[in-house]
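Structure record follows, encoded as C-alpha cells.
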Amino acid sequence: MRLFVSIDLPDSLAEGVAGVQDRFRDAEGLSFTDPRQAHLTLKFLGDVDEDRIPAIEKTLESAVESDVNFGPFSATVGGLGVFPSLDYISVVWLGVEKGGEEMRLLHDAVESRVYELGFEPEEDDFVPHITIARMQHAGGKELVQESVRELNPEVGEMEVEEIRLTKSELTSEGPEYSTVSAFGL
C-alpha cells in the first residue's frame, strides 16, 4: 500500500486552490491536482507492507507527542513556486507563509522517527508546499514562469490540528487519498 504523512487542507480552501489553478489553464503540458484533495506532504513513505502500519502509527504518535513542543497552529497558504527550478519545471506549488516553521519542525520529527523504522531520509531540504500541478511537457513553460514571477496569490488561512497517515491509490482518473489514521497536535 502506498503511504505518506500529510497535513490536509480544509474543504474551505479548495475554491482558492482552484482559483489559482485557473490562472494556469492556458499553460500547455500541465496536469492539475484535485483541489478537494489538496494536502501538504510531510513525508512520502512509498509502498509499504500493511503489517508495518501499526509500527508506523506508533512512531507517528511518538513524533507528535514527544518530539513536537507545540499544539495546533494557524497556517496561511499563499505564494507560488516550482520544483526543481524555473528553468526545468516538474511541479507547480502553493507555499506556506505563516506556519511554515511549525511544518518544518513536524517534518523533522516525522523524518527522524520513520528513519528509525528503516525509511530513507529525504535528499532535498523540506519546503512546505501544496502541489497544484505537474508539468508533463514544456509547452506552457513560459506562462508558468511568468505567473510564478508575477503572482503572489493568497489562498487563505487554516488551523493545523493533526497530521495524517494517508493511503494513495493510483487510478485512471488520478490518485485517490484516504486517511489511515490521524494524530492530534
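With the cut-off at 1.5 for a/c, could you classify segment 75-144 from its C-alpha gyration tensor as rounded, prolate or oblate? Since a/c reaches 1.5 but b/c is at least a/b, the shape of segment 75-144 is classed as oblate. Between the alpha-carbon centres of segment 1-38 and segment 103-174 there is a gap of 10 Å. Sorting 56, 7 from the fewest to the most surrounding beta carbons within 10 angstrom yields 56, 7. Extension gain for residue 44-residue 169 works out to 43.6 nm (0.36 nm per residue, less the C-alpha to C-alpha distance). Could you work out which residue, out of 86, 117, 94, moves most in a Gaussian network model of the chain, that is, has the largest mean-square fluctuation with Cα springs under 10 Å? Greatest mean-square fluctuation among the candidates belongs to 117. Within straight cross-link reach of residue 43, meaning Cα distance under 16 Å, which lysines are found once same-chain residues fewer than 8 apart are removed? Once the sequence-local lysines are set aside, what remains near residue 43 is 58, 167.
Put in line by how crowded their Cβ is, counting other Cβ atoms within 10 Å and starting with the fewest, 6, 181 read 181, 6. Of the GluC sites (Glu not before Pro) in segment 98-185, the ones in a loop by DSSP (not H, G, I, E or B) with at most 14 other beta carbons within 10 Å are 116, 122, 123, 161, 173.
With the simple model of a label 7 Å out from the Cα in the direction of the Cβ, residue 83 to residue 115 spans 1.8 nm.
Normalised by the number of residues in segment 1-102, the average gap of Cα pairs under 8 Å and 6 or more apart makes the relative contact order 26 percent.
Every number in this text was worked out from the coordinates using simple rules, so none of it is lab data. These numbers come from a predicted model, not from an experiment. For neighbour counting, all protein chains shown are included, and Cβ atoms are generated from backbone atoms with ideal geometry for every residue, glycine included.
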